[in-house]
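Every number here is computed from the coordinates shown, using simple stated rules; none is lab data. Everything numeric here is computed off the predicted structure, so don't read it as measured data. We place every Cβ from the backbone using ideal geometry, glycine too, and count neighbours over all the protein chains shown.
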Protein chains: 4
Amino acid sequence: MANFKGHALPGTFFLLFGLWWSIKHPFRQIRRKRERQHGDRDRQKHTVLFNRIDLIEGALKIFFAFVGIMAEQFVPDGPHAHLYQQDGWVKLMNWQHSTMYLFFGISGIADVLSMTSRHVPVGLDRLSLSMALFVEGFLFYFHVHNRPALDQHIHSLLLIAVFGGSASTMLEVFKRDNTLLELFRSSLAILQGTWFYQIGFVLYPLSGSPWNLDKHDNIMFITMCFCWHYAVSILIVGICYCGVFWSSKWCDGRPIGDMEMGLRKCPASDSSSQKALLQESDEE
Amino acid sequence: MANFKGHALPGTFFLLFGLWWSIKHPFRQIRRKRERQHGDRDRQKHTVLFNRIDLIEGALKIFFAFVGIMAEQFVPDGPHAHLYQQDGWVKLMNWQHSTMYLFFGISGIADVLSMTSRHVPVGLDRLSLSMALFVEGFLFYFHVHNRPALDQHIHSLLLIAVFGGSASTMLEVFKRDNTLLELFRSSLAILQGTWFYQIGFVLYPLSGSPWNLDKHDNIMFITMCFCWHYAVSILIVGICYCGVFWSSKWCDGRPIGDMEMGLRKCPASDSSSQKALLQESDEE
Amino acid sequence: MANFKGHALPGTFFLLFGLWWSIKHPFRQIRRKRERQHGDRDRQKHTVLFNRIDLIEGALKIFFAFVGIMAEQFVPDGPHAHLYQQDGWVKLMNWQHSTMYLFFGISGIADVLSMTSRHVPVGLDRLSLSMALFVEGFLFYFHVHNRPALDQHIHSLLLIAVFGGSASTMLEVFKRDNTLLELFRSSLAILQGTWFYQIGFVLYPLSGSPWNLDKHDNIMFITMCFCWHYAVSILIVGICYCGVFWSSKWCDGRPIGDMEMGLRKCPASDSSSQKALLQESDEE
Amino acid sequence: MANFKGHALPGTFFLLFGLWWSIKHPFRQIRRKRERQHGDRDRQKHTVLFNRIDLIEGALKIFFAFVGIMAEQFVPDGPHAHLYQQDGWVKLMNWQHSTMYLFFGISGIADVLSMTSRHVPVGLDRLSLSMALFVEGFLFYFHVHNRPALDQHIHSLLLIAVFGGSASTMLEVFKRDNTLLELFRSSLAILQGTWFYQIGFVLYPLSGSPWNLDKHDNIMFITMCFCWHYAVSILIVGICYCGVFWSSKWCDGRPIGDMEMGLRKCPASDSSSQKALLQESDEE
């Protein structure tokens, strides 16, 4: 996998999942608020729809993880499911990548279980995603020994996105359905995706001369470049959020001037939501 | 203790406690939810039963800790309660292990006190368990100076399980009776147990040639192997959870189709649980 | 920017923002409590006023960030928007500073959006400010390679104020409108401001002999000096708090003997705030 | 201060404060619960009593901090308020200790303000104590350069108690009046106190031969010894808790069989405490 494609592939997956999340979560929040405002007419319908979407997302994760493991094992220069031979461990890199995919597969299974059974503890899907990201970061951390300075640095920057995502997803276990945390996770997933591409471009340039992997200026540029990637990632999430918001407004044709995001501005007329009321009275 | 048995013994204890927790906690959750649904008929009975179980667990911990301390002190090559002699400290390794057992004993005493007296602050049992794990990790951290690279690495991986368990148990002080945290703690205990075995197999192989403790490939394999252990540990906890769930269903003969786990899906008919209602309305 | 002015400029901005926050937040809290006590007469008016103030604050942030980026780019020895030339990267220091300003600009945009639209997730303003501080600390962390010991130390002390502010602001996402956290953030902003000045005075002394950058005693003094800066910063915030409090009392001419800060002492007569009641009964 | 007395003095203060807290906090909790049970008869009286006690505690802190600063400055070999002379900084050690006392003095001022004014934000006393401990740890961290291995190690163990106390006190800002956290803080204060004595005994032995400061066995023993100190500290806090509990029972002569600690077991008859009810129904 030590080539451009080997970095572009996981990058594409993280990018796709990040984009998908930054569309799914705002959409779901808007639906929920609208229902709270206009009554429960389509509530049952939408809950079923969103559960089905989550189910498909989980199934896709399992499928991609399975394909990934198979690909890592049975590419021409892969280990072909051999772990140990007389001369030592066989293709440990491929085995490590397989292990990463395995945990994303477990996360997919947890998603599917959370959606199909009501007896699964709440938050299992987020905890397993957090574990999958932690394992990814954990294996990457011990991945880059004895490499040039820039190679190590560019991978350790990746770890910030990975462990940041893991910590943020762990928070979601306890602060479920917090729009901001969901968008933060989306932005970190997009960051990870684009950064994988950046690693590919730097270490295995498609054209032009290769980078000097020991020059300090390059390290300084890459550090700054990581921030630019995050700024772009925030921009993408922002565009998706606005896009979902406006398309939702136009499709429905109903005024959403009073529709509101988040607990802060919950309508006081909702008599059952005393907590929201309290929240509001705290704010004013 | 620097042999296979010395690692297998604590491994067995952690394994047993992990398995026991991954059976006890789901069972207790299922009982609680069933009672909430079908009324309070057997509530008093079950509360007494679970308190007794916790009491026995605490007593066992004290007993094992006491046996452990005695064994460390009075094995033939132990310090026999001598701490200092003319030529220096006596058998500090054994004293360190005794100290670890001491704190698990304190955790057992806290369990017993929490169950027998209603005047003990809530959460003392979890805090003391968290401290016991912290002390274990703390002593292990300064345990492995001047050893080969693989020996240090394999012990530092153990620390991830130990400190992870300590942090997760500390969270339980504030988020009491959260099924997910309890299962997470169980899985980390099982991981610690199996990893103790793995350390024993690697450092003191029962058969075959000894491992090369300085080869980088071995370190890479062990890192990955740690993840596999955790995957297996998740699998074991999952099987226990399902086993408890199905056996509980069959034993009772009552339909539990409507029975639910966690706050998310609390029955809206429970008029007193306004908080749950709010939670639900947030979710939908 | 490697001169006294280059450190005084950002220092002045952080100092001004810290002072402004330590006046704004107590003022807002006092208004809120007064309204809770004396009824909702001027509520609408004050909410509009405070929203407008936040809007102006956000606009100022955007303006300053834009000016800062322009200045860094187009000063006589700046990169003039050139990033790469034949001989390598152009003026990376200026580009890094521009990147820092960019994220404070994004934070300003988030402030403006939070105030103008009700559809923005709650807490976006704090999260973006936290990210801006994190990026500032992140870039500074990789900023000071191969410099003398005192130079590195004095910058790493700055990081404590920066990352402390980032963490505290992140907490505000979840604990919104907590007076204590807001004052803590103010004090850390003032600390950062005065510390920038201190860095300027130490590294580029305006008069007298330059500091010995490798003497251990200087490092010890600077460490202690950082604590003194924080003590002064606490004093400034305290004076602002008292000043706002007394001026608010005198201007209004209404007795505020019964007015109270924080949830702890909420009037029990407020029938709708059951949560506050519970809180109170917990306390007694 | 580099002698036995210089370590025994702060040790004694931390020990006294730890013991005092481990008596005050249980006593206050017992009073509160008793009042909740038997009605509000003496509530006003006790609230006044406890506020006065906290006031005295704060005043004592200020007094001790002032005496400490004066002593550090004007001992025969102290700096006598001179900071800089021709040949460099004067007695930086004494200045650092003065700085530590200063922040404990600020914490005392915050205590007094919290008790005398109702307009101070809730939690200021805990935040300022947390900051005082942080500053203590921060200065100690840069205190022990170029010293023998054991000297560095024994001071870095102290940091665990200091930063642990700081983190735990910070938690109390958000989880106010949590008995467990208060007892935890007390135990860490006692640990810090006894550990200061231990440092004094090891580095400046009163009798017998001095310790070999570079022997690895000594480091291993000291690590374990730190755990024993904590076990003793837990024991002391436990004895104080039981002592307060039994003396409170005997003095009053009223049965407290039904009296309960913590939220878990709040009487369900308390109709206003719906939150407690919910908590209870979660637990059963």
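Using θ = phi - 60° and the Karplus form 6.51 cos²θ - 1.76 cosθ + 1.60, what ³J(HN,Hα) does each residue of segment D:15-30 get, whole Hz, x for Gly and Pro?
4, 5, 5, x, 4, 4, 5, 6, 9, 5, 5, x, 4, 5, 4, 4
Assigning unit charges at the beta carbon (Lys, Arg +1; Asp, Glu -1) and nothing else, what dipole magnitude in debye, to the nearest 20, does the protein assembly as shown show about its Cα centre? Walk me through the numbers on the way to the answer.
On the way: 104 positive and 100 negative charges, 514 e Å.
Roughly 2480 debye for the protein assembly as shown.
Using a label position 7 Å from Cα in the Cα→Cβ direction, what is the ascending list of nm distances from C:D87 to the same site in the other copies?
4.9, 4.9, 6.9
Which residue, D:A161, D:A149, D:A132, tops the fluctuation ranking in a GNM of chain D built on C-alpha contacts under 10 Å?
Among D:A161, D:A149, D:A132, the largest mean-square fluctuation in the Gaussian network model of chain D belongs to D:A149.
Along the positive direction of the dipole of the protein assembly as shown (beta-carbon charges: Lys, Arg +1; Asp, Glu -1; about the Cα centre), which of D:F104, B:A59, C:L139 reaches farthest?
Of the listed residues, the answer is B:A59.
Anyone know which of C:W89, C:W195, C:W211 comes out most mobile in the 10 Å Cα GNM of chain C?
It is C:W89.
When Cβ neighbours within 10 Å are restricted to other protein chains, what is their mean count per residue of peptide C:95-101? Don't skip to the answer; put the middle values down first.
Working: counts 5, 5, 1, 1, 8, 2, 0.
Average neighbour count from other chains, rounded to a whole number: 3.
Can you give the mean number of other chain Cβ atoms that lie within 10 Å of the Cβ atoms in peptide D:111-122? Walk me through the intermediate numbers first.
Numbers: counts 0, 0, 2, 0, 0, 0, 3, 9, 15, 7, 14, 11.
The per-residue average across the peptide is 5.
Projecting each Cα onto the charge dipole of the protein assembly as shown (Lys/Arg +1, Asp/Glu -1 at the beta carbon, about the Cα centre), which of D:Q44, A:A161, A:Y241 comes out farthest on the positive side?
The residue sitting farthest along the positive end of the dipole is D:Q44.
What are the ³J(HN,Hα) values, in whole Hz, obtained from phi via the Karplus relation 6.51 cos²θ - 1.76 cosθ + 1.60 with θ = phi - 60°, for each residue of segment D:114-128 in sequence order, with x given for Gly and Pro?
The phi angles translate into 4, 8, 8, 10, 8, 9, 7, x, 4, x, 4, 4, 6, 4, 6 Hz.
Just to confirm the number: angle between the C-alpha axis of helix B:274-283 and the first principal axis of chain B, 0 to 90 degrees, nearest 10?
80 degrees
Of A:V120, A:A81, A:A71, whose Cα points farthest to the positive end of the dipole of segment A:69-138 (charges on the beta-carbon: +1 Lys, Arg; -1 Asp, Glu; origin at the Cα centre)?
Looking along the dipole axis, the top candidate is A:V120.
Separation of segment B:9-66 and segment B:180-240 by C-alpha centroid, Å?
Between the Cα centres of segment B:9-66 and segment B:180-240 lies a distance of 26 Å.
Can you work out the Karplus-derived ³J(HN,Hα) for every residue in segment B:6-14? Use 6.51 cos²θ - 1.76 cosθ + 1.60 with θ = phi - 60°, whole Hz, and x for glycine or proline.
Couplings: x, 9, 6, 4, x, x, 4, 5, 4 Hz.
Using the beta-carbon distance between C:K249 and D:L9 and R0 = 25 Å, what value does 1/(1 + (r/R0)^6) give for FRET efficiency, to the nearest 0.05? List each step's numbers first, then the result.
On the way: r = 43 Å, r/R0 = 1.72.
In this case the efficiency is close to 0.05.
On a 0 to 90° scale, report how tilted helix C:149-174 is relative to the longest principal axis of chain C, with both axes built from alpha carbons and the result rounded to the nearest 10.
30 degrees
Using a label position 7 Å from Cα in the Cα→Cβ direction, what is the ascending list of nm distances from C:H38 to the same site in the other copies?
Here the equivalent label points are 4.3, 4.3, 6.1 nm apart from this one.
Using 1/(1 + (r/R0)^6) with R0 = 41 angstrom and r between the beta carbons of D:V232 and B:W228, what's the FRET efficiency to the nearest 0.05?
Details: r = 41 Å, r/R0 = 1.01.
Calculated transfer efficiency: 0.50.
Quick check for chain B: number of Lys pairs with alpha-carbon distance under 24 Å, counting only pairs 8 or more apart or on different chains?
19
Is there a simple number for the mean count of other chain Cβ atoms within 10 Å of the Cβ of residues in A:172-185, and what is it? If you can, show how the numbers build up before the last one.
On the way: counts 0, 6, 7, 2, 5, 5, 6, 5, 9, 5, 1, 3, 5, 0.
Mean inter-chain Cβ contacts per residue within 10 Å come to 4.
Would you calculate a helix-derived [θ] at 222 nm for chain D, using -39,500 (n - 2.57) for each DSSP H run of n ≥ 4 and dividing by the full residue count, to the nearest 500?
Values: 8 runs with 208 residues, N = 284.
For chain D, the value works out to -26000 deg cm²/dmol.
Relative to the longest principal axis of chain D, what angle (0 to 90°, nearest 10) does the C-alpha long axis of helix D:43-74 take?
0 degrees
Based on the alpha-carbon gyration tensor of the protein assembly as shown and its eigenvalue square roots a ≥ b ≥ c, which shape applies: rounded if a/c is under 1.5, prolate if not and a/b is larger than b/c, or oblate? Please report the intermediate quantities before stating the final value.
Working: a/c = 1.02, a/b = 1.00, b/c = 1.02.
Taking the square roots of the gyration eigenvalues as a ≥ b ≥ c, the protein assembly as shown is rounded.
Between C:M131, C:M70, C:M170, which gets the highest mean-square fluctuation from a Gaussian network model of chain C, Cα cutoff 10 Å?
The residue with the greatest mean-square fluctuation here is C:M70.
Starting from the Cα of B:D177, step 7 Å along the direction of its Cβ; do the same at A:H145; then give the gap between the two resulting points in nm.
The two pseudo-label positions are separated by 4.8 nm.
Once you list every other residue whose beta carbon is under 13 Å from the beta carbon of A:D151, what net charge do they have if Lys and Arg are +1 and Asp and Glu are -1?
Working: positive: A:R147, A:K215; negative: A:D214.
So the environment of A:D151 carries a net charge of +1.
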